[in-house]
Amino acid sequence: MDIAPHTIILSVPWDRIFKSQPESALQMHWSAEMAVRLLVERSAGPASAWAPWLAALPAHVATPLEWSAAEVAAVGDPGIQSEVLGMQACITACWGEAAEAAEGGPGGGDG
C-alpha cells in the first residue's frame, strides 16, 4: 500500500516529546543537555512521568562519542568527522567541568 505524499502517519503531542531546549537556550551541546536530562529523570525513579519510557531504553547504546581516532577517520567525510570530533571534545570538557564541580572546584561544590 502506497502512502500519499504529505500524509500524516504519526502524530505525537508536544508534551509527550522528550526534547532538548532550543539551541539558543542551551548551556552545553544539545546531546550533553539531553544526557543530563535523561540522568535527572532516571534518578527520579518511579516518580518520573517518563519512568515507563526510561525503563524501556537499553542500558547502553554505542555512539560516535566512543569511536577511536581511526574509526572517525574511516568515516571519510570531513564534515561528519568534524562533528564527531567536536562532540567528543565537548563531552570531554563537560565531564571535566562536572568532575571539578563535584570536587568543590571553581563553579561548584563547597568551594
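The values are calculated or read from the model by the stated rules, or taken from the named source; none is laboratory data. No experiment lies behind these values; they were computed from the predicted model shown. Neighbour counts run over all protein chains shown; Cβ positions are idealised from the backbone, glycine included. Only protein heavy atoms, including side chains, enter the accessible area calculation; ligands, DNA and RNA are left aside. Shrake-Rupley method; radii C 1.70, N 1.55, O 1.52, S 1.80 Å.
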Quiz item: Rounded to a whole number, what % of the accessible area of the stretch 1-82 do carbon and sulfur atoms account for, probe 1.4 Å?
Solution: 64 percent
Quiz item: Tell me, what ³J(HN,Hα) does each residue in the stretch 80-97 have, in order and in whole Hz, if you take phi through Karplus 6.51 cos²θ - 1.76 cosθ + 1.60 with θ = phi - 60° and put x for Gly and Pro?
Solution: 5, 4, 4, 5, 5, 5, x, 5, 4, 5, 4, 5, 4, 5, 4, 4, x, 5
Practice problem: Treating only the Cβ atoms of Lys and Arg (+1) and Asp and Glu (-1) as charged, compute the dipole magnitude of the chain about its Cα centre; round to the nearest 20 debye. | Solution: 380 debye
Quiz item: Just from its helices, what would the mean residue ellipticity at 222 nm be for the chain, if runs of 4 or more DSSP H residues each count -39500 (n - 2.57) and the sum is divided by every residue, rounded to the nearest 500 deg cm²/dmol?
Solution: -14500 deg cm²/dmol
Quiz item: Once both labels are modelled 7 Å past Cα along the beta-carbon direction, what's the LEU26-ILE9 spacing in nm?
Solution: 2.8 nm
Quiz prompt | Extension gain, ALA102 back to MET1 (0.36 nm per residue minus Cα-Cα distance, nm) | solution = 30.8 nm
Exercise. Read phi for every residue in the stretch 69-78 and hand back ³J(HN,Hα) as whole Hz from Karplus 6.51 cos²θ - 1.76 cosθ + 1.60, θ = phi - 60°, with x for Gly and Pro.
Key: 4, 5, 5, 5, 4, 5, 4, x, 10, x
Quiz prompt | Efficiency of FRET between ALA55 and ILE80 - r from beta-carbon atoms, R0 30 angstrom, step 0.05 | solution = 0.40
Self-check item: Inter-part distance where the stretch 8-46 and the stretch 54-96 are each reduced to a Cα centre, Å
Solution: 19 Å
